[in-house]
């Protein structure tokens, strides 16, 4: 039995510090007339925090789970049921093909930058190509994290590093009502990935790396690669049970394998090639299938030129515009072959020597 190591977590907040943190969301003087009501809400929130009411609404798991009597979060169960329904639609040959277009940029004109991102424009071109191929484009604009009220992709808590079965598919770490870690967007995002036959990630480079909204989503998709679809097998987050399961032999199921993908990565100075390679390696690891050389694009726009003219530079680079469209064309072709049974990962039947 592997030892569960303890000692890093800080002590719970004292009542005074909890009060300060709770009230920071209501610093606007407009809340002063309802201060008594806020105090009542704060007291309930404090009691919930103290007692650790992570999932206040639960239901018995039922016969489809390893422990039918375990109290499952109603919210987790609803997300899981939607993923099962989305997977059925995705596998139904009568449904229209769907490609998920992911905007990785954090910029949009509804928040501080005051201007649309170049990535958003590229996504429009890709969507036009997919429409011509009679493929539904489902756009996931991650910049909404910066411009939408109380919308979050909460960070991955690293359950995998304790033991893979502790990482549930879909993620069960959120919402955590006791910690006020709510309004987590990933429940909807998981469904978008499952429903898609193909995925195109379009993103700029931020400081040599993926923009933070994109990286948050990537980290939270770890449960799609080896995650445990039955939280009752670990009775929630019981680390010792998860370690025992993994040591007994875990099959690391790849819940998104078999979908086609393409990439558009653009930068202005450095990092485009390395980010494109990182994204490609990640998607390949999850079992997705690249749509060919023309679906893997990394380019520089306005190399070392002024940021202020970046949209004008994009307007003038007609070759790049065509390359973005070609990524969509390549993915559309791959999705068509995939749904006709003509495309699969050549090594899909080869058992990896290191399945982790």
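The values are calculated or read from the model by the stated rules, or taken from the named source; none is laboratory data. Everything numeric here is computed off the predicted structure, so don't read it as measured data. Neighbour counts are summed over all protein chains in view; Cβ atoms, including those assigned to glycine, are modelled from backbone coordinates with ideal geometry.
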Segment 7-94: helices (runs of 4 or more DSSP H) wholly inside it with 2 or more residues that are over 19 Å from residue 177 (Cα atoms) and touching a residue at least 24 places away in the same chain (Cβ under 8 Å) are 74-91
Query - Check on residue 314, outside any helix (DSSP H, G or I) and crowded, with 16+ Cβ neighbours inside 10 Å - result: no
Filtering segment 259-276 for residues that are part of a helix (DSSP H, G or I) and in contact with a strand residue (DSSP E or B) (Cβ under 8 Å, 6 or more places away or on another chain) leaves a count of 4
Of (1) closer than 30 Å to residue 298 by Cβ; (2) touching a helix residue (DSSP H, G or I) at 6+ places or on another chain (Cβ under 8 Å), residue 219 satisfies every one except (2)
The correct count of residues that are closer than 24 Å to residue 197 by Cβ, surrounded by fewer than 16 Cβ atoms within 10 Å (Cβ to Cβ) and touching a helix residue (DSSP H, G or I) at 6+ places or on another chain (Cβ under 6 Å) in segment 43-88 is 1
Q.
Quick check on segment 272-280. Is at least one of its residues surrounded by fewer than 21 Cβ atoms within 10 Å (Cβ to Cβ) and more than 20 Å from the chain's Cα centre (by Cα)?
A. yes
Note on segment 223-232: residues in contact with a helix residue (DSSP H, G or I) (Cβ under 6 Å, 6 or more places away or on another chain) and surrounded by fewer than 20 Cβ atoms within 10 Å (Cβ to Cβ) are none
Considering residues that are crowded, with 19+ Cβ neighbours inside 10 Å, over 23 Å from residue 92 (Cβ atoms) and within 10 Å of the chain's Cα centre (by Cα), the number found within segment 185-217 is 6
- Item | Test: residue in segment 112-120 that is under 29 Å from residue 42 (Cβ atoms), touching a strand residue (DSSP E or B) at 6+ places or on another chain (Cβ under 7 Å), in contact (Cβ under 8 Å) with a residue 24 or more places away in the chain and crowded, with 16+ Cβ neighbours inside 10 Å | no
Only one of (1) assigned to a loop (DSSP other than H, G, I, E, B); (2) under 23 Å from residue 93 (Cβ atoms); (3) touching a helix residue (DSSP H, G or I) at 6+ places or on another chain (Cβ under 7 Å) does not apply to residue 328, and that is (1)
Handout entry: residue 288 being touching a residue at least 12 places away in the same chain (Cβ under 8 Å), loosely packed, with under 15 Cβ neighbours inside 10 Å and either more than 26 Å from residue 191 (Cβ to Cβ) or under 22 Å from the mean Cα position of the chain (by Cα) (or both)
Key = no
Suppose the filter is closer than 30 Å to residue 10 by Cα, at pLDDT 95 or above and in a helix (DSSP H, G or I); does residue 187 pass it?
yes
Subset of segment 279-311, residues assigned to a loop (DSSP other than H, G, I, E, B) and more than 29 Å from residue 115 (Cβ to Cβ), comes to 286, 287, 288, 291, 292
Note on segment 190-218: residues in contact (Cβ under 8 Å) with a residue 60 or more places away in the chain and assigned to a helix (DSSP H, G or I) are 190, 191, 192, 193, 194, 195, 212, 213, 214, 216, 217, 218
